[in-house]
Amino acid sequence: MNKRVLIIYTGGTIGMAVDADTNALVPFDFENISRKVPELKRFDFNVDSVSFDPIVDSSEMAPDTWVKLSGLIEKYYPDYDGFVVLHGTDTMSYTASALSFMLHNLQKPVILTGSQLPLGAIRTDGKENLLTALEIAAAHKNEQALVPEVCIYFQDKLFRGNRTTKYNAEHFRAFRSDNYPPLAEVGLHIRYNYPYIRYTTLSGTFSVARRMNNNVALLKMFPGINESVVRSVLEAPGIRGVVLETYGSGNAPTLDWFIKALRDAIDRGVIIINVTQCLAGNVEMWRYETGRHLLNMGVISGHDITTEAALTKLMYLLGNSPTEEELKMNLNESLKGEMKPVSM
Ligand code: ASP
């Protein structure tokens with residue numbers, strides 16, 4: 001039987017067209033996608049589409065929209081072999097990371113893509129992104145999906161979604177994944193990087209974890225950061241977890257007030273996870289005195305995780321961990337390939 005792939009359009013540039021009168025970008029009726037992309041009919045698998053109504057710019061994405069999106073995947077999961085999620089590029093890495101944690105026992109591809117230029121523009125990058133994402137979502141061998149993961153496909157690379165960052169607001173190559181190799185590279189052929197694809201042996205049924213706790217914050221270090229700024233984040237009402245973006249291999253100032261502010265937060269039960277500001281590399285808090293003091297006070301290493309994955313993992317774990325002990329244990333482990341195994 002023909003494979004079936006569902007396109008879920010959430011919003012973003014890809015689904016826009018240039019209004020001839022005003023030159024502004026306006027959404028087109030996504031039901032008519034096959035008029036914009038007639039190539040869809042040439043695949044040897046079936047393609048259907050559903051659309052958010054209303055569509056959202058990806059700046060509006062939040063836990064409730066992730067729940068809505070994963071609810072659609074859950075609703076159509078039995079009927080389709082793979083999913084392509086069309087999404088604005090701005091927060092695509094956050095959504096891909098969140099979905100990777102929220103979707104349990106995923107055995108089918110969920111490929112996010114979008115574009116820098118709308119499908120309606122002559123030089124659009126959206127068409128290639130959409131068509132290749134569809135091909136990857138439909139790719140199977142012996143009834144096993146080739147990439148049963150949440151991924152981002154953009155320009156010519158397929159990445160594990162929770163390893164990506166949007167780093168370029170101009171170029172067609174908008175995403176990178178410095179700490180994990182691409183799962184596929186696309187040229188004349190789609191070359192899958194099989195050893196890096198996550199094939200789970202889980203046989204449980206697919207389900208969605210809907211509780212995401214957004215009582216989290218991001219605190220980025222910079223030289224000269226002052227005490228009231230640090231305290232306003234660490235002491236924000238209701239805060240449960242903080243991603244601390246540190247320098248290099250996980251280093252931060254050793255100033256007395258800074259240490260005290262962090263210690264006070266940890267004593268109040270706030271979880272603090274250390275992530276590097278660098279695009280590539282690893283947090284190694286033992287390496288310098290400026291990292292060791294964080295380790296000693298109970299700051300948790302984010303290892304080589306991205307900020308996007310750290311924030312969404314915290315939201316997921318705060319919403320789904322029965323005990324603080326379990327939460328900390330899971331933070332230290334790779335749940336969905338978002339960081340390298342700690343023993344490595
Ligand atoms: N502002 C748009 C969005 O992220 C940009 C894009 O789609 O690339 O929704």
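Here, each number is a calculation from the coordinates, and none is a lab measurement. This one's a predicted model, so the numbers in the text were calculated from it and none came from an experiment. Heads up, the Cβs are rebuilt from the backbone with ideal geometry, glycines too, and the neighbour counts pull from every protein chain shown.
Of all lysines in the structure, those lying under 26 Å Cα to Cα from K41, and not within fewer than 8 positions of it along the same chain, are K3, K75, K108, K127, K141, K157. Highest average first, the peptides 306-319, 44-57 ordered by how many other beta carbon atoms sit within 10 Å of their residues are 306-319, 44-57. When every Cα-Cα distance of the stretch 8-120 is counted in 10 angstrom steps from zero, the calculated P(r) takes the values 13, 46, 33, 8, 1 percent.
Past the 32 angstrom mark, what percentage of all C-alpha to C-alpha distances in the chain do you count? Of all Cα-Cα pairs in the chain, 32 percent lie more than 32 Å apart. In the chain, helices alone account for a calculated mean residue ellipticity at 222 nm of -8000 deg cm²/dmol, with every DSSP H run of four or more residues adding -39,500 (n - 2.57).
Radius of gyration over Kirkwood radius for the stretch 202-297, both on Cα atoms: the Rg/Rh ratio is 1.06. Annotated for the stretch 195-344: lysine pairs at least 8 residues apart or interchain, Cα distance under 21 Å, count 7.
Label sites at I225 and H104, each approximated as a point 7 angstrom past Cα along Cα to Cβ, lie 3.4 nm apart.
What Kirkwood Rh does the stretch 4-208 have if only Cα atoms enter the pairwise 1/r average? Answer in Å. If you can, show how the numbers build up before the last one.
Numbers: mean 1/r = 0.0593 Å⁻¹.
One decimal place: 16.9 Å for the Kirkwood radius.
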